[in-house]
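The values are calculated or read from the model by the stated rules, or taken from the named source; none is laboratory data. Because the structure is predicted, anything quoted here is derived from the model rather than measured. Quick reminder, even Gly has a Cβ in these numbers, built from the backbone with ideal geometry, and neighbours come from all protein chains shown. Areas reflect the complete protein model, heavy atoms only, side chains present, ligands, DNA and RNA absent. Shrake-Rupley method; radii C 1.70, N 1.55, O 1.52, S 1.80 Å.
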Amino acid sequence: MKIRQNVRHWAAKQALTMPVVGEYAIDKLVDIHTSVFLDRAEESHRDDRREYLDAFFEATMDTYVAALEDGYPEAEAREITHIQANFAFYNHGWTEMMEFPSDELDVHYDRYAEFFESYNIAIEDPLGEFKPEDGLPNAPSTPERLEEPEHPYAEGGFADDVYVETGDGELVVGGGEEPENVDVEAAPGVDEEKVEG
């Protein structure tokens, strides 16, 4: 799929793999992701989905760290979490929130099948072992949208690899190299006071 990668993503990677500071980054990253995807939903559905998305995205932060620990590059680790989200959107019939067309679900799964299988992640079970112990909040589905799915925000044709738009606007396959001396304070939700505290 097609994702972005800039200094904030590298800083977030650093923050999420640090004790204490990581919690601040998680809170902010969850807020950002929930807001972005709720903006894609009809206004009448937003309040019903917020609690579910908050819990879901918080769980994907653990997936991201696990993928990094398993040796996946930053862009692929982040793409894995976005694929999980798209599985969840599809399962709920929230096709208007999807980032790639529903007919590419299997292809995206297959690219990371080894990772997904090792954590019991499936299209119908997007979080697998990363699911919170007390489960996820309920959110109403719109299964009728699966009959003729509309994907106004989806970009098809990027299922064979991770395509990364750099901070310079260049599109590269696989992602960039981690820059030296990344400042963790550039991560969402992190500032000097939190780093030093």
As a test question: what accessible area, to the nearest 10 Å², does Asp134 have when a 1.4 Å probe is rolled over all protein chains in place? 140 Å²
Can you tell me how much longer the chain between Val172 and Asp47 gets when fully stretched, taken as 0.36 nm per residue apart minus their C-alpha distance, in nm with one decimal? 41.4 nm
Once you've got the GNM for the chain with C-alpha springs shorter than 10 Å, pick whichever of Glu124, Glu43, Glu69 has the biggest mean-square fluctuation. Glu43
The chain - percent relative contact order, Cα under 8 Å, separation 6 or more: 36 percent
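How much of the calculated P(r) for the chain lies past 29 Å, in percent of all Cα pairs? The partial results should precede the final answer.
Working: 3892 of 19306 pairs.
Considering the chain, 20 percent of its Cα-Cα pairs are separated by more than 29 Å.
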Measure off, as a whole percent, the carbon and sulfur share of the 1.4 Å-probe accessible area of the chain, all protein chains present. 42 percent
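Assuming R0 = 22 Å, can you tell me the calculated FRET efficiency for the pair Val107 and Leu146, based on Cβ-Cβ distance, to the nearest 0.05? Walk me through the intermediate numbers first.
Working: r = 18 Å, r/R0 = 0.81.
Here the calculated transfer efficiency is 0.75.
How much accessible area per residue does the chain have, counting only protein heavy atoms and a probe of 1.4 Å, in square angstrom?
52 Å²
Which value, in Å³ per residue, describes the convex hull spanned by the Cα atoms of the range 57-122?
On the way: hull volume 5.4 nm³, N = 66.
Considering the Cα atoms of the range 57-122, their hull volume per residue is 82 Å³.
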Whenever you get a sec, line up Asp48, Asp106 from highest to lowest accessible area (probe 1.4 Å, protein heavy atoms). Asp106, Asp48
If one computes the Cα centroid of the range 125-155 and of the range 1-45, what distance in Å separates the two points? 18 Å
Hey, what did the range 61-154 get for relative contact order, percent, Cα under 8 Å, at least 6 apart? 36 percent
Picking from Glu99, Glu155, Glu58, which is most flexible by a Gaussian network model of the chain using Cα springs under 10 Å? Glu155
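Under the 0.36 nm per residue contour assumption, what length would be gained going from the current alpha-carbon distance of Val20 and Glu114 to full extension?
Roughly 30.8 nm would be gained on extension.
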